[in-house]
């Protein structure tokens, strides 16, 4: 049995442990599933690769209307509890507005090796919930 409260990447899946799971359960070949253990019952919920803002209008216009533009990324611990950090990434042919939900997301978007142009925003979770699946992510 493995007893841990940490997260790890195994077989392209995020596993969050809140209890005991067997080694066999950890090594199952799953694809992007979050496994939550509660009373030794494993619940699996499929997640996309991150949480993104997808408004009907242009992302930049939506972020400038509903968010506070920052000169750079604000540490997650400094955010108000009812807000999230959003990174608007210029991927060339398209932009993506990613919500940084945790330190792993934050590290990926602040990685110095990632040279894509970025703009940073703070947005209220209530606004983000209308244009993303943020509330599904916050359940875990």
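The values are calculated or read from the model by the stated rules, or taken from the named source; none is laboratory data. All figures in this text were calculated on a predicted structure; none of them were measured in a lab. For neighbour counting, all protein chains shown are included, and Cβ atoms are generated from backbone atoms with ideal geometry for every residue, glycine included.
Summary of values
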| quantity | calculated |
| --- | --- |
| Residue satisfying all of: in the stretch 81-118; touching a residue at least 40 places away in the same chain (Cβ under 8 Å) and assigned to a loop (DSSP other than H, G, I, E, B); farthest from residue 52 (Cα to Cα) among these | 82 |
| Candidate set from the stretch 59-80 (those that are closer than 13 Å to residue 100 by Cβ and without any contact (Cβ under 8 Å) to a residue 40 or more places away in the chain); member that is surrounded by the most Cβ atoms within 10 Å (Cβ to Cβ) | 76 |
| Residue count, the stretch 90-117 (criterion: within 14 Å of residue 74 (Cα to Cα) and either surrounded by 17 or more Cβ atoms within 10 Å (Cβ to Cβ) or not assigned by TED's automatic domain parsing to the domain that holds residue 72 (or both)) | 6 |
